[in-house]
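Remarks on the structure that follows.
The values are calculated or read from the model by the stated rules, or taken from the named source; none is laboratory data. Fair warning: this is a prediction, and the values are worked out from it, not measured in the lab. Here the Cβ positions follow ideal geometry from the backbone for every residue, glycine too, while neighbour counts run over all protein chains shown. Remember, those area values only see protein heavy atoms, side chains included, never the ligands or the DNA or RNA. Shrake-Rupley method; radii C 1.70, N 1.55, O 1.52, S 1.80 Å.
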Amino acid sequence: MTSGGGQAVGTPPAPGPETGERDGRTARRPPALRLLARPEVGVLLGAVAVLVFFLAAAPAVRQGGSMATVLYQSSTIGIMALPVALLMIGGEFDLSSGVAVIASALTASMLSYQLTLNVWTGVIAALVVSLAVGALNGWMVVKTGLPSFLVTLGTFLVLQGVNLAVTKLVTGNVATDGIGDMDGFGQARRIFASSFGVGGVQVKITVVWWLAFAALATWVLLRTRYGNWVFAVGGDQDSARAVGVPVRFTKITLFMLVGFGAWFVGMHDLFSFETVQSGEGVGNELIYIAAAVIGGCLLTGGQGSAIGPLFGAFMFGMVNQGIVYAGWNPDWFKAFLGVMLLGAVLVNLWVQRTASRR
């Protein structure tokens, strides 16, 4: 029966806002699940756990100078991990980033010393070279359609050989000549490799640059059209192209950002030590990628953040120095890194599955 043209007697009311029931299409996930969906949450918890562990296992870590050293180690990894992470969000890899750092430093050092120029001439030339290498990597990837793994592996081998061969040819040695007494060195060192005091503790300027770059990268990803493009091309570049995203421009500029990071870290190395060993940098690319993965960047692209790799780099720096301060065999460092990487991948998988549940 019905009453007054209203709802049938004995029939339960239709689900609606007043009943507190919603179907699966409109249900809102609990705040905890929405928080877990953030890619940087897992690595933040991991970084806190690693910090607490070494604070307990290595009392020396509790000193201000020790923590400044940890932050310095983290910053030299983190500055490169940031553009590598952006590139991974865009769905690509760069295996040449480690040796690209050394190539940049070698370019600036040898050009300045051999031609007796102001060191800023070498710095600018190194920036041009680094951006050109990144642009070449990006252009080859988008032009040929080859996986970036293969393209940048080739670049890695080329740069590794060129670094060593050209350095020996020009200097007659495997290292460059010192440039500490050349014009402009002091000014460049203040920008790339200086220190400043905080509460009686000397902190490297790279820590400030690291945090500033992370803040800038976060703003770009979350507040700009370019950030949307990065996520779009990493998620599905064909769909992104169909809606007007400039896929080729986005990918090439992402590779160029890696080149910029390589230039910056290379300048730090040069103006910290005044000379460069041409055979260094091999293997560092895996550390940068691992820091990004630990920070929540998917290997398949389309997901990640700039904050996550910041915590990932901190974990690397903490483990690297924590082992030393604890008095353990430093050979265990790589074993710790492997455990951290596998743990991060498993945590990211669990987070994705948990966050996707209704």
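Data for the structure
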| read-out | value |
| --- | --- |
| Residue that is nearest to the chain's Cα centre (by Cα) [pool: residues in the range 232-249 that are touching a residue at least 60 places away in the same chain (Cβ under 8 Å) and surrounded by fewer than 20 Cβ atoms within 10 Å (Cβ to Cβ)] | Gly235 |
| Boolean, Thr176 is among the hydroxyl-bearing types (Ser, Thr, Tyr) and touching a Leu at 6+ places or on another chain (Cβ under 7 Å) | yes |
| Selection count, the range 269-319, where residues are of a type in the set (Gly, Ala, Ser), closer than 30 Å to Tyr113 by Cα and open to solvent by less than 30 Å² (accessible area, probe 1.4 Å) | 4 |
| Hits in the range 141-153 - residues which are more than 21 Å from the chain's Cα centre (by Cα) and part of a helix (DSSP H, G or I) | Val142, Lys143, Thr144 |
| Residues of the range 36-75 satisfying the condition of being among the polar types (S, T, N, Q) and in a helix (DSSP H, G or I) | Ser66, Thr69, Gln73, Ser74, Ser75 |
| Criterion violated by Trp210 - all others in (1) at negative phi; (2) open to solvent by 50 Å² or more (accessible area, probe 1.4 Å) satisfied | (2) |
| Close pairs from the range 108-133: first of a type in the set (Phe, Trp, Tyr), partner in a helix (DSSP H, G or I) and open to solvent by 70 Å² or more (accessible area, probe 1.4 Å), Cβ under 9 Å, at least 6 apart | Trp120/Gln187 |
| Matching residues, the range 283-298, being farther than 10 Å from Leu337 by Cβ, at pLDDT below 90 and of a type in the set (Val, Ile, Thr) | Val293 |
| Residue check for Tyr226: within 29 Å of Gly65 (Cα to Cα) and open to solvent by 10 Å² or more (accessible area, probe 1.4 Å) | no |
| Residue within the range 259-279 that is more than 26 Å from Ile205 (Cβ to Cβ) and under 11 Å from the mean Cα position of the chain (by Cα) present | no |
| Subset of the range 275-290 that is in contact with a Leu (Cβ under 9 Å, 6 or more places away or on another chain) and of a type in the set (A, V, I, L, M) - its residue that is farthest from Val166 (Cα to Cα) | Ala290 |
| Unmet criterion (only one of (1) under 21 Å from Thr69 (Cα atoms); (2) free of Cβ contacts under 8 Å to residues at least 40 places away in the same chain) for Gln202 | (2) |
| The listed residue being open to solvent by less than 20 Å² (accessible area, probe 1.4 Å) and β-branched (Val, Ile, Thr), out of Val70, Val170, Val128 | Val70 |
| Flag if Leu254 is at pLDDT 95 or above, open to solvent by 60 Å² or more (accessible area, probe 1.4 Å) and under 14 Å from the mean Cα position of the chain (by Cα) | no |
